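Here's the structure, in structure tokens; my notes come after.
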Amino acid sequence: MRHRPTRLTALALLGSALAVLATAAPPVTAAAPEHPGRRHHLPVLPGVVPRAETPTLHDDEAGGNADADDPAIWRNPADPDRSLVVATAKEGGLRVYDLDARVVQSVPAPPAPGPGDAPGRFNNVDLVHGLRLGTGGRGGHRSRPADLAVTTDRGRDRLRVYRITAPGRSGAAAPLTDVTDPAAPPVFSAGGQGEINEQRTAYGLATWTDEASGRSYALVSRRERTRIALLELLPTARGTVTYRTVRTLDLPASFRLPNGRSWSPCAEPGEQPQVEGMVVDPAHRVLYAGQEDIGIWRIRADLTGAPVLLDKVREFGVPGTYDEETEECAPGADPGFGGKHLAADVEGLTLLPGRGGGGRLLASSQGDDTFAAYDRRAAARVPGGGAYAGGFRVVAGRGALDGAEECDGAAVLNAPLGRRYPHGLLVVQDGRAGDPGDGERASTGFKFVALEDVRGALEG
């Protein structure tokens, strides 16, 4: 989620300061502005330059209330050059892009069910490969494997599911087809449409197929709450997809600090520290969940066992007082219990797999416009900490391509994608995209980064 006005305002200056500094590809060094009680010294981080960017989206009436948030990358096995990026645009629905970052398809979010009700709003997206869908014909229970894009509809508190079809060489065929079962239930709201309209609804998302059972799941977080739900995806004989809740898990909303005090991050009254960015490491059967104002949790992918806090944001433990008139939080003195590598919010999490279970977990550190990397093997086994393995920024290059700031979502595909990205691709959301001439318009988009450039930044 992009920064809310309730964030600790002194810390919010950090991202703005670094946005000015991160303007070229070479490594940059910066010290954060002074925070009450402590001065953060940021590490030297290299910059990587994007190869392409999508058309800018605008979150206003003229722009269709489209707000870029979260991407997923689908590899076309028959023709990798014609692979796709599927991305959420919130009330603007879904966008499908080719590898040149051009729009291939726009899928609208569902309309509001009635006057005064919340319309559809697509928040996060992830992919499922090879789920067997019924053909919907008269031939009994025949089925075919299908690749799916699954998205959280925050406005309607449901999952929506789209079958992915390889586009024809003419580019005319729409690659996404809605296969959501009409009877698919709300994920969290048991009280009907009135509760859904309050928007404490389906938010973050990560999919997972259990190799042992062959069953596919979606792990879904709840907006402004700490709850995560494990949903099993269920194909029907009609060729649609529904789901059922297997179990839920509630992460902590408050924490006991080393000084004996209890702490919760400052927020609007009634709002708990939510999770959005999530990714599953299938080799280790682990879910990584980014609790935005807290840090990154390691949890068993089936939501059993005790969660472990892998890393904390720098602001962890900083007290704040909420001002109802300004709708902002005034920070107190920093007691020094936070981490070193993440600035709230923790956002997009994605996995860069390597050989033999190696590779990196990548996390968007939204508050300072950086990305943190964690050793995949160490992250899966250590009690907490010790797994940090460097970081980078996505920075402006020559010409019109700018960098990525206030990043919400990210996705990696570590596989050859034809001539454009023969070594794989990283796609990141850019929370401040577009031409500065757009003025005060909320402008977002996505940047495409060659994966070899990311590896070079992390290993160089």
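The values are calculated or read from the model by the stated rules, or taken from the named source; none is laboratory data. This structure is a prediction, so every number in the text was calculated from the model and none was measured. Methodologically, a virtual Cβ is constructed for each residue, glycine included, from the backbone with ideal geometry; neighbour enumeration extends over all protein chains shown. The protein model used for the area step is the full one, side chains on, heavy atoms only, and it has no ligands, DNA or RNA in it. Shrake-Rupley method; radii C 1.70, N 1.55, O 1.52, S 1.80 Å.
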- Query: Per the chain: cysteines with no other Cys C-beta under 4.7 angstrom?
  - Reply: C407
- Of every Cα-Cα pair in the stretch 141-222, the percent that sits beyond 17 Å: 58 percent
- Report, to the nearest whole %, how much of the accessible area of the stretch 180-303 belongs to carbon and sulfur atoms, 1.4 Å probe, protein only. 44 percent
- Quick one: which residues, 5+ away or cross-chain, put their amide H under 5 Å from the amide H of V48? H built at 1.01 Å from N. R393, V394, V395
- Could you pull out every one of the lysines with an alpha carbon less than 20 Å from that of K340, ignoring same-chain neighbours closer than 8 positions? K312
- Task: State the label only: which of [x] 0.98; [y] 1.02; [z] 0.95 corresponds to Rg/Rh (Cα atoms, Kirkwood Rh) computed from the shown model?
- Result: [z]
- Query: Given a cut-off of under 8 Å on Cα pairs at least six residues apart, what relative contact order in percent is computed for the stretch 127-265?
  - Reply: 20 percent
- Say the dipole of the stretch 172-309 comes from +1 at the beta carbon of Lys and Arg and -1 at that of Asp and Glu; which of F188, L234, A253 then lies farthest toward its positive end? A253
- Note on the structure: For R360, the residues 5 or more places away or on another chain with a placed amide H closer than 5 Å to its own amide H are L352, G354, R376
- Message: Quick check for you: with a 1.4 Å probe and neighbouring chains kept, what is the accessible area per residue of the stretch 190-274, in Å²?
- Response: 45 Å²
- Note on the structure: Counting only protein heavy atoms with a 1.4 Å probe and every protein chain in place, the carbon and sulfur fraction of the accessible surface of the stretch 312-402 in whole percent equals 48 percent
- Checked the stretch 317-361 with the C-alpha gyration tensor, a ≥ b ≥ c its square-rooted eigenvalues, rounded below a/c of 1.5, otherwise prolate if a/b is larger than b/c and oblate if not; verdict oblate
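With an 8 Å cut-off on Cα pairs and a minimum separation of 6 or more residues, tell me the relative contact order of the chain in percent.
Contact order relative to length: 17 percent.
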- Positive-end residue of S106, W74, P282, charge dipole of the chain with Cβ unit charges: P282
- Carbon + sulfur, % of accessible area of the stretch 64-178 - ligands and nucleic acids excluded, 1.4 Å: 47 percent
- Note on the structure: Sorted by chain and number, the residues with a modelled amide H under 5 Å from that of L205, at a separation of 5 or more or across chains, are S221, M278
- Note on the structure: Descending packing, highest mean Cβ count within 10 Å first, for 81-92, 119-130, 192-203 is 81-92, 119-130, 192-203
- Note on the structure: Check: C-alpha center the stretch 88-159 vs C-alpha center the stretch 196-243, spacing in Å is 13 Å
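Residues of the stretch 315-460: accessible area per residue at 1.4 Å, in Å²? If you can, show how the numbers build up before the last one.
Details: 5520 Å² over 146 residues.
Per residue, the stretch 315-460 has an accessible area of 38 Å².
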- Counting other Cβ atoms within 10 Å of each Cβ, which GluC sites (Glu not before Pro) in the stretch 248-348 have at most 14 and sit in a DSSP loop? E324, E325, E327
- Task: As a check on your grasp of the helix formula, calculate [θ] at 222 nm for the chain: sum -39500 (n - 2.57) over DSSP H runs of n ≥ 4, divide by the residue count, round to the nearest 500.
- Result: -2000 deg cm²/dmol
